[in-house]
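The values are calculated or read from the model by the stated rules, or taken from the named source; none is laboratory data. This structure is a prediction, so every number in the text was calculated from the model and none was measured. All Cβ positions, glycine included, derive from the backbone under ideal geometry; neighbour counts span all protein chains shown.
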Amino acid sequence: MSDDRALRGVAVYNPRLLSRRELVGDFVVRTSVLARVCDDLRQADHGHRPAHRIILGQRGMGKTTLLHRLRYAVEDDPSFGARWIPLVFPEEQYNVDRLSTFWLNCLDALSDAIEVRGEDPGPLDAAIEALPPLEEGTRAERALRLLLDEASSRDARLLLLVDNIDLILGRLKDQEWALREALSHEDRLLVIGASARAIESTFTFDAAFYDFFEVEELSGLTQDETHTLLTHLASRSGHPDVAELVRTRPERVEPLRVLAGGNPRTLALLFTILAQDADGDVRSDLEQLLDRCTPLYKARFEQLSPQAQKVVHELAVYWHPIGSAALAELCDLPARTVSGQLERLYKDGVIQKVQLGTDAGASTKTGYQVAERFFNIWYLMRGSRRVRRELMWLVAFLRLMHTRHEWRDDRRRGDHAETLTLALRAELQAPHDPEIAQTVACCLLADGRWHEAARRLPTFANAPDAFHDAHWADTIYFFRLAVQKGHTSHALAAIDQLGLADRWLPLRTALQVLAVGDRGVLLSVAPEVRQPTEMILSQLAECLPTAAPTTRGFAVGSLPRAKSGDSG
């Protein structure tokens with residue numbers, strides 16, 4: 001689309017609809033990757049040979065957008081001069097069935113680029129038409145020679161921006177070595193491709209492209225990157241209310257960022273929802289997001305064979321990484337059948353291979369999980385009440401984690417002994433008050449009195465959501481004290497005994513990591529659980545002040561006073 005035909009909206013699925021100005025203006029994340037690739041290209045004028053690259057990332061991670069932004073960076077930056085000519089292609093080159101066809105596609109892309117540069121593409125078009133129908137090897141050689149001669153005539157190098165390069169390499173499997181030969185010895189060609197899945201020929205030892213491409217893996221957006229993206233979209237589209245929401249209500253945005261795996265496409269969809277209803281809540285936002293993804297995900301699932309659907313169903317419902325043997329039991333299918341399906345699903349990019357973890361730490365076994373995490377979330381929400389309940393517990397936990405909590409400082413209210421005395425007196429009057437129970441428990445734990453403190457844990461741990469909304473930071477403080485005082489295993493057992501293992505799964509997993517001293521435990525849970533677990537780990541490991549009992553933040557003055565004559 002040209003600059004004078006701006007989309008004036010958010011291109012969720014097709015960045016090609018954006019004008020050059022819009023795409024460049026909207027490119028506010030992934031800037032470090034762009035800078036790194038551009039710097040590599042600039043070094044070509046100093047005797048350095050830039051690396052062939054593959055941009056690896058799940059659907060919606062911004063691969064196509066990055067390729068287009070790279071094209072404009074090269075075309076618009078005078079420091080590149082005329083030394084590089086970017087060649088762009090259709091997102092899927094379905095016509096490629098042999099190497100000669102790929103080189104002819106490159107010639108067509110070069111013809112388009114020449115026209116964009118204001119030159120006459122007529123002579124090149126005529127030369128392409130004049131290529132005779134020859135035997136494949138000769139035809140591929142002639143097409144490549146024409147491509148290189150055109151580059152030499154302009155004293156330029158060709159930057160091949162190949163989307164879905166896995167499709168190309170898969171279709172050229174019988175000619176991969178010939179392609180590698182050309183790319184290895186010809187510095188007038190540089191490939192930067194994008195793929196939604198790891199490509200077997202790039203990591204198999206004896207394959208053509210083993211250790212050939214430098215891989216840039218696009219991970220999910222961080223919290224800061226998400227805020228940058230949503231704030232920019234809000235500014236560009238005239239929605240200051242969304243920008244304010246992003247700034248002041250992280251509990252509305254962060255749970256969905258985690259569930260979406262930081263996927264920019266899903267987050268752009270989230271922006272459209274926030275723009276329509278800035279006063280909603282995270283549950284309704286999630287349901288709307290899932291509804292908008294339903295046609296795409298449903299069609300994708302229905303393309304699978306019945307047996308593959310069974311495997312993906314069990315994998316998605318299990319949610320966490322799982323080994324093939326355990327998955328075969330869930331599927332009630334022979335292990336060999338499931339292994340074959342897993343291999344096909346892996347090659348198609350539907351699932352990922354991961355290292356497995358256990359409650360004891362990392363293992364050497366290979367596990368599997370659904371590759372596109374928000375697809376897994378979508379599938380869970382279509383499952384049974386039990387499955388949906390586990391997911392909604394995580395949503396509630398994420399919302400709790402990111403709700404702003406104020407720490408109260410009682411350093412000017414005397415020592416912690418007075419705090420404990422007052423709290424114990426108040427407890428006599430209100431033995432079921434969760435705030436008082438929490439205060440007493442933390443004071444006791446600060447003195448190392450775990451068993452007495454643990455007796456108060458059910459009172460505040462099982463309190464209503466409104467209590468946790470206001471006092472979650474104090475709950476984390478309790479578990480920080482437990483870790484500091486050497487009661488990590490006791491705290492872990494208490495969570496299990498209270499039936500909170502699933503409801504507070506990130507906290508339970510963090511305590512398990514600390515109990516066994518092995519971060520490999522994180523490999524046993526889904527990525528959506530792993531992210532908040534990492535946050536909890538950092539909170540539990542924070543250095544506690546030396547005067548911990550009096551800095552915990554108890555509002556001593558707000559505690560009910562015992563009646564005259566009551567004793568502590």
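Brief remarks follow.
- Counting the residues of region 254-268 that are part of a helix (DSSP H, G or I) and either touching a residue at least 40 places away in the same chain (Cβ under 8 Å) or basic (Lys, Arg) (or both) gives 10.
Residues checked against (1) under 23 Å from Arg83 (Cα atoms); (2) among the basic types (Lys, Arg); (3) modelled with pLDDT of 90 or more; (4) part of a helix (DSSP H, G or I):
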{"site": "Leu110", "(1), (2), (3), (4)": "yes, no, yes, yes"}
{"site": "Asp120", "(1), (2), (3), (4)": "yes, no, yes, no"}
{"site": "Gly137", "(1), (2), (3), (4)": "no, no, yes, yes"}
{"site": "Leu158", "(1), (2), (3), (4)": "yes, no, yes, no"}
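- Residue tally, condition touching a Cys at 6+ places or on another chain (Cβ under 6 Å) and either under 13 Å from Phe209 (Cα atoms) or surrounded by fewer than 17 Cβ atoms within 10 Å (Cβ to Cβ) (or both), over region 129-183: 0
- Thr550 fulfils the conditions (1) surrounded by 19 or more Cβ atoms within 10 Å (Cβ to Cβ); (2) at pLDDT below 90; (3) farther than 26 Å from Arg449 by Cα except for a single criterion, (3).
- Test: Met392 is surrounded by fewer than 18 Cβ atoms within 10 Å (Cβ to Cβ), under 20 Å from the mean Cα position of the chain (by Cα) and at pLDDT below 95: yes
- Whichever residue in region 553-568 is loosely packed, with under 15 Cβ neighbours inside 10 Å and part of a helix (DSSP H, G or I) and, among such residues, is modelled with the highest pLDDT: Ser558
- Here Arg236 clears all of (1) buried (at least 17 other Cβ atoms within 10 Å of the Cβ); (2) in a helix (DSSP H, G or I) except the condition numbered (1).
- Any hit, region 307-326, residues being of a type in the set (S, T, N, Q) and more than 28 Å from Thr364 (Cβ to Cβ): yes
- Residues that are in the same structural domain as Arg249 (by TED's automatic domain parsing) and under 21 Å from Gln369 (Cβ atoms) are absent from region 316-337.
- Residues in region 68-84 that are closer than 15 Å to Asp40 by Cα and touching a strand residue (DSSP E or B) at 6+ places or on another chain (Cβ under 8 Å): Leu70, Arg71, Val74, Arg83, Trp84.
- One residue stands out among those in region 342-377 that are hydrophobic (A, V, I, L, M, F, W, C) and farther than 12 Å from Val312 by Cβ: the one that is surrounded by the fewest Cβ atoms within 10 Å (Cβ to Cβ), which is Ala360.
- Qualifying position, being buried (at least 18 other Cβ atoms within 10 Å of the Cβ), more than 21 Å from the chain's Cα centre (by Cα) and of a type in the set (Gly, Ala, Ser), among Ser339, Ser324: Ser324
- At least 1 residues being under 25 Å from Ala371 (Cα atoms) is the threshold, and among the helices (runs of 4 or more DSSP H) wholly inside region 467-542 those reaching it are 505-516, 527-540.
- When residues of region 279-305 are limited to those that are in a helix (DSSP H, G or I) and among the charged types (D, E, K, R), the one nearest to Thr403 (Cα to Cα): Arg283
- Out of Arg16, Arg21, Arg69, one residue alone is among the charged types (D, E, K, R), at pLDDT 95 or above and either crowded, with 17+ Cβ neighbours inside 10 Å or part of a helix (DSSP H, G or I) (or both). It is Arg69.
- Residue count for region 117-155, restricted to those that are closer than 24 Å to Leu70 by Cβ and touching a Lys or Arg at 6+ places or on another chain (Cβ under 6 Å): 2
- Note on region 144-175: residues that are of a type in the set (D, E, K, R) and without any contact (Cβ under 8 Å) to a residue 12 or more places away in the chain amount to 3.
- Failed condition for Ile114, given (1) among the aliphatic types (A, V, I, L, M); (2) free of Cβ contacts under 8 Å to residues at least 40 places away in the same chain; (3) loosely packed, with under 14 Cβ neighbours inside 10 Å: (3)
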